[in-house]
Amino acid sequence: MLPEGIKDRLADFAKFARTLHGDEKSEAQAFLERLFRAFGHAGVIEAGATFEFRVAKKPGSAQLELIKGEEARKGSGKKFADLLWPERVLIEMKSRGAKLEQHYDQVFEYWQLIVPNRPRYVILCNFDEFWIYDFNLQLFDPVDRITLRELPDSRASFGFLLPTAQEPSFGNNRVEVTRKAADTFAEVFRKITARGEDRARAQRFILQLLVAVVAEDIGLLPENIVTALLADCVQRPGESYDILGGLFRQMATKEKARGGRFVDVDYFNGGLFKTVDPVELKHGEAYALHESAKHNDWSLVKPEIFGTLFQQSMDAGEKPGTRDERHAFGAHFTSEFDIQKVVGPTIVRPWRERIEACGKDKARLRAALDDLRKFRVLDPACGSGNFLFVAYRECKRLERDLLARLHRAGAGAKGGAFTSGVTLSQFYGLDVLPFAAELAKVTLMLAKELEIREARAFGQSEDLFIEEKALPLENLDANIVCADALFTPWPAADAIIGNPPYLGSRYLAKEHGYDYANKIYARFPGVPKMADFCTHWFRLAHDALPPCTAQNPCAGRAGLVGTNTIRQNESREASLDYIVGNGGVITEAISTQVWSGDAAVHVSIVNWEKTLAPRAMAPASGRAGILPAV
């Protein structure tokens with residue numbers, strides 16, 4: 001229950017805010033002071049929040065220092081957060097009219113550096129719009145966007161600003177939408193396979209339908225076409241095979257239909273839809289799918305977690321000894337923020353440093369842009385593609401930054417410099433599970449459309465940014481391959497990221513059989529048999545990397561998640577010691593943390609670069625940069 005009178009106070013605040021010019025430097029504090037009073041506080045200071053925090057990063061650590069008044073502005077190169085309420089909210093103000101999309105990187109960096117007492121929520125505000133972020137929930141997209149006019153009626157989104165915090169209710173919580181969607185699809189999948197349908201056919205059908213319902217809501221298919229087709233399936237379930245099969249076949253055909261209900265359906269690709277062998281639905285299955293398509297906004301589905309939630313819940317309770325919970329609502333997924341602990345140090349930070357070093361030099365900026373468009377990323381244990389999803393979206397953000405800098409430096413669009421050139425063909429994955437590989441392809445295909453929409457929202461003019469074509473979707477059959485990474489040549493890559501499987505050495509034969517265990521021992525004769533299974537990925541990743549050089553400073557880098565046994569004994573010898581002894585330098589590491597993808601697992605996260613020459617081995621207890629053994 002929200003406090004009495006808050007709607008009227010917020011209406012009064014909105015009226016006051018409209019009288020301001022919207023200047024960030026001179027009016028931000030007055031704006032925030034009145035906002036806090038509207039939510040029932042005596043003021044910002046009285047609430048426990050503070051204006052002007054200096055965000056200072058020290059080597060090997062991150063900290064936040066409080067500097068008040070004009071003293072906060074002394075000293076060159078320092079960064080300041082407009083308001084911090086520890087453990088509650090970080091607020092960054094921009095002038096009225098500012099494009100908030102363009103300040104995401106700044107506020108995310110501030111939030112990362114607030115240790116301890118990092119707030120759960122972040123607000124970007126330009127006096128007329130409030131963009132609310134929960135980076136633990138979803139990394140790239142605000143959980144809500146509220147205009148000043150909407151503020152009095154959207155007060156439930158700001159429950160965390162009340163004197164006694166209340167759980168907010170957001171309008172763009174994509175995780176909740178994704179759980180609902182994955183739960184419905186998993187339930188239908190279980191019913192289909194329970195009545196004897198071929199598992200592989202059912203999986204392919206579900207993925208094709210997923211792309212179709214998302215495409216309908218993001219404008220890649222004619223409006224309401226899939227929902228209408230599913231309504232026909234409810235009325236005539238015996239015709240569902242032909243109804244949905246007709247749509248999928250047209251999505252796989254380059255030549256447009258000359259008539260009929262699929263006349264406006266464009267060509268998607270010949271990868272996902274190269275085999276069209278749909279499943280005939282029963283009435284209840286068609287009804288569930290129709291209700292989901294009709295009542296969910298599928299444009300909000302997060303493809304990077306849909307696969308994980310669907311995969312966990314489609315088999316829940318089906319096998320003896322598994323948990324009875326059969327819903328996506330109880331499934332875990334790896335948070336984008338945890339993935340960023342790999343992607344950030346391995347990909348984003350080196351590229352940011354290179355871009356900053358270019359300054360306004362057009363030649364260096366163009367060279368960086370050319371190199372970024374050749375930059376290759378591999379996840380050799382890709383699962384449903386969530387690490388590659390984050391890496392792709394970050395590389396697209398880096399490209400937009402470079403294009404904007406070239407524009408400001410006076411570089412024209414000559415030679416197509418301002419046509420987006422980072423493509424999905426630069427991203428590679430391996431996974432031993434066929435369905436995981438197919439999920440990864442879908443995840444990345446949908447990521448492309450999300451990036452097109454974000455680039456459009458970025459506010460670029462036509463002379464700066466030429467929008468990519470959404471269709472056809474890229475065929476990723478050659479990029480995402482179903483194969484055992486331990487016995488398959490890896491695609492060449494400049495950066496390697498991922499989360500190899502967790503499996504202790506004692507369970508290898510039990511899980512995979514003695515023949516496979518012996519095959520592993522023969523493949524890695526120098527690795528102690530008691531080393532954890534994931535250590536093999538560390539060794540192969542390091543061997544596969546090109547060296548990091550002055551000419552190519554962003555290449556030769558890797559970041560992997562491993563069981564925290566890699567800090568100890570045989571597992572440490574097989575992974576970290578091997579890396580450091582063969583020219584590797586560990587650049588950032590987390591000794592142990594609970595992994596968001598599975599609440600029962602503690603992991604270590606290691607990021608490193610490969611230099612030209614091996615370094616001499618130092619005593620294990622005194623080697624700088626190596627995870628401490630415990």
Task: Residues of segment 470-494 satisfying the condition of being part of a loop (DSSP other than H, G, I, E, B) and within 24 Å of residue 221 (Cβ to Cβ) - done: 470, 471, 472, 473, 474, 475, 476, 477
Task: Cβ-Cβ under 7 Å pairs, at least 6 apart or on other chains, segment 98-116 side more than 18 Å from residue 456 (Cβ to Cβ) and of a type in the set (Phe, Trp, Tyr), far side surrounded by fewer than 19 Cβ atoms within 10 Å (Cβ to Cβ) and modelled with pLDDT of 85 or more - done: 111/118
Task: Qualifying positions in segment 504-523 - under 28 Å from residue 377 (Cα atoms) and touching a residue at least 40 places away in the same chain (Cβ under 8 Å) - done: 504
Task: Residues within segment 294-312 that are in contact (Cβ under 8 Å) with a residue 40 or more places away in the chain and either among the aromatic types (Phe, Trp, Tyr) or more than 18 Å from residue 454 (Cβ to Cβ) (or both), tallied - done: 9
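If you scan segment 553-568, which residues turn out to be under 26 Å from the mean Cα position of the chain (by Cα) and either loosely packed, with under 15 Cβ neighbours inside 10 Å or of a type in the set (Ser, Thr, Tyr) (or both)? Show your work before the answer.
Step one: of segment 553-568, the residues under 26 Å from the mean Cα position of the chain (by Cα) are 553-564, 566.
Once the filter is applied, which keeps residues that are under 26 Å from the mean Cα position of the chain (by Cα) and either loosely packed, with under 15 Cβ neighbours inside 10 Å or of a type in the set (Ser, Thr, Tyr) (or both), segment 553-568 yields only 563.
What residue, of 252, 231, 212, is touching a residue at least 40 places away in the same chain (Cβ under 8 Å) and within 26 Å of residue 300 (Cα to Cα)?
Values: 252 fails: touching a residue at least 40 places away in the same chain (Cβ under 8 Å); 212 fails: touching a residue at least 40 places away in the same chain (Cβ under 8 Å).
Result: 231 is the single residue among 252, 231, 212 that is touching a residue at least 40 places away in the same chain (Cβ under 8 Å) and within 26 Å of residue 300 (Cα to Cα).
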Open item on the list: Restricting to segment 265-314, name every residue that is under 14 Å from residue 180 (Cβ atoms), open to solvent by 20 Å² or more (accessible area, probe 1.4 Å) and not in a helix (DSSP H, G or I).
Closed with: 296, 297
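Of 533, 538, which residue is within 16 Å of residue 503 (Cα to Cα), buried (at least 19 other Cβ atoms within 10 Å of the Cβ), without any contact (Cβ under 8 Å) to a residue 40 or more places away in the chain and not basic (Lys, Arg)?
Of the residues listed, the single one that is within 16 Å of residue 503 (Cα to Cα), buried (at least 19 other Cβ atoms within 10 Å of the Cβ), without any contact (Cβ under 8 Å) to a residue 40 or more places away in the chain and not basic (Lys, Arg) is 533.
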- [ ] Go through segment 452-469 residue by residue and tally those that are at pLDDT 75 or above, crowded, with 17+ Cβ neighbours inside 10 Å and in a loop (DSSP other than H, G, I, E, B).
- [x] 1
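Conditions tested, residue by residue: (1) at pLDDT below 90; (2) out of contact with any Phe, Trp or Tyr (no Cβ under 6 Å at 6 or more places or on another chain); (3) surrounded by fewer than 19 Cβ atoms within 10 Å (Cβ to Cβ); (4) at negative phi.
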| site | (1), (2), (3), (4) |
| --- | --- |
| 80 | yes, yes, yes, yes |
| 109 | yes, yes, yes, yes |
| 146 | no, no, no, yes |
| 162 | no, no, yes, yes |
| 170 | yes, yes, no, yes |
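Given 368, 381, which one is touching a Lys or Arg at 6+ places or on another chain (Cβ under 8 Å) and of a type outside the set (Phe, Trp, Tyr)?
Values: 381 fails: touching a Lys or Arg at 6+ places or on another chain (Cβ under 8 Å).
Sole residue among the options that is touching a Lys or Arg at 6+ places or on another chain (Cβ under 8 Å) and of a type outside the set (Phe, Trp, Tyr): 368.
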- [ ] Quick one: in segment 270-296, of everything that is at pLDDT below 90 and in contact with a helix residue (DSSP H, G or I) (Cβ under 8 Å, 6 or more places away or on another chain), which residue is farthest from residue 333 (Cα to Cα)?
- [x] 271
Open item on the list: Quick check on my filter: what residues within segment 541-568 are in a loop (DSSP other than H, G, I, E, B), farther than 21 Å from residue 503 by Cα and touching a residue at least 40 places away in the same chain (Cβ under 8 Å)?
Closed with: 545, 546, 547, 548, 549, 552, 553, 554, 555, 556
- [ ] Please state which of the following conditions residue 623 fails to meet, knowing it meets all the rest: (1) surrounded by 15 or more Cβ atoms within 10 Å (Cβ to Cβ); (2) at pLDDT below 95; (3) under 17 Å from residue 345 (Cβ atoms).
- [x] (3)
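Test residue 219 against the stated conditions and say whether it is without any contact (Cβ under 8 Å) to a residue 60 or more places away in the chain, open to solvent by 50 Å² or more (accessible area, probe 1.4 Å) and either in contact with a strand residue (DSSP E or B) (Cβ under 6 Å, 6 or more places away or on another chain) or among the aromatic types (Phe, Trp, Tyr) (or both).
Details: without any contact (Cβ under 8 Å) to a residue 60 or more places away in the chain: yes; open to solvent by 50 Å² or more (accessible area, probe 1.4 Å): yes; either in contact with a strand residue (DSSP E or B) (Cβ under 6 Å, 6 or more places away or on another chain) or among the aromatic types (Phe, Trp, Tyr) (or both): no.
Considered against the rule, which asks whether it is without any contact (Cβ under 8 Å) to a residue 60 or more places away in the chain, open to solvent by 50 Å² or more (accessible area, probe 1.4 Å) and either in contact with a strand residue (DSSP E or B) (Cβ under 6 Å, 6 or more places away or on another chain) or among the aromatic types (Phe, Trp, Tyr) (or both), residue 219 comes out as no.
Does segment 232-248 hold any residues that are assigned to a helix (DSSP H, G or I) and either on the phi > 0 side of the Ramachandran plot or open to solvent by 30 Å² or more (accessible area, probe 1.4 Å) (or both), and which are they?
As a first pass, look at segment 232-248 and keep what is assigned to a helix (DSSP H, G or I): 232-235, 237-248.
Residues satisfying the conditions are 232, 235, 237, 238, 239, 241, 242.
Here is a list: 525, 547. Which entry is under 22 Å from residue 373 (Cα atoms), surrounded by fewer than 23 Cβ atoms within 10 Å (Cβ to Cβ) and modelled with pLDDT of 90 or more?
On the way: 525 fails: under 22 Å from residue 373 (Cα atoms).
Only one candidate qualifies: 547.
So which residues in segment 333-365 are outside any helix (DSSP H, G or I) and buried (at least 19 other Cβ atoms within 10 Å of the Cβ), if there are any at all? Even if it seems obvious, please write down each step before you answer.
Kept after step one, since they are outside any helix (DSSP H, G or I), are these residues of segment 333-365: 333-335, 359-361.
Residues satisfying the conditions are 333, 334, 335.
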Task: Residues being open to solvent by 60 Å² or more (accessible area, probe 1.4 Å), assigned to a loop (DSSP other than H, G, I, E, B) and either within 22 Å of residue 557 (Cβ to Cβ) or free of Cβ contacts under 8 Å to residues at least 12 places away in the same chain (or both) - total across segment 569-605 - done: 2
- [ ] With the condition kept exactly as written, say whether any residue in segment 191-204 is more than 22 Å from residue 438 (Cα to Cα), open to solvent by 30 Å² or more (accessible area, probe 1.4 Å) and either out of contact with any Pro (no Cβ under 8 Å at 6 or more places or on another chain) or not in a helix (DSSP H, G or I) (or both).
- [x] yes
Task: Scope segment 156-172; condition in contact (Cβ under 8 Å) with a residue 60 or more places away in the chain and assigned to a loop (DSSP other than H, G, I, E, B); matching residues - done: 162, 163, 165, 166, 172
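Give the residues of segment 17-42 that are open to solvent by less than 20 Å² (accessible area, probe 1.4 Å), touching an Asp or Glu at 6+ places or on another chain (Cβ under 6 Å) and part of a loop (DSSP other than H, G, I, E, B), sorted by residue number. It would help to see each step written out before you state the result.
Step one: filter segment 17-42 for residues open to solvent by less than 20 Å² (accessible area, probe 1.4 Å), giving 17, 22, 28, 31-32, 35-36, 38-39.
Those left that are additionally touching an Asp or Glu at 6+ places or on another chain (Cβ under 6 Å): 28.
Passing the criteria: none in range.
The values are calculated or read from the model by the stated rules, or taken from the named source; none is laboratory data. In this text the structure is predicted, and so the values were computed from the model without any measurement. Note: ideal-geometry Cβ built from the backbone for every residue, glycine included; neighbour counts use all protein chains shown. Surface areas here come from the heavy atoms of the whole protein model, side chains and all, with no ligands, DNA or RNA. Shrake-Rupley method; radii C 1.70, N 1.55, O 1.52, S 1.80 Å.
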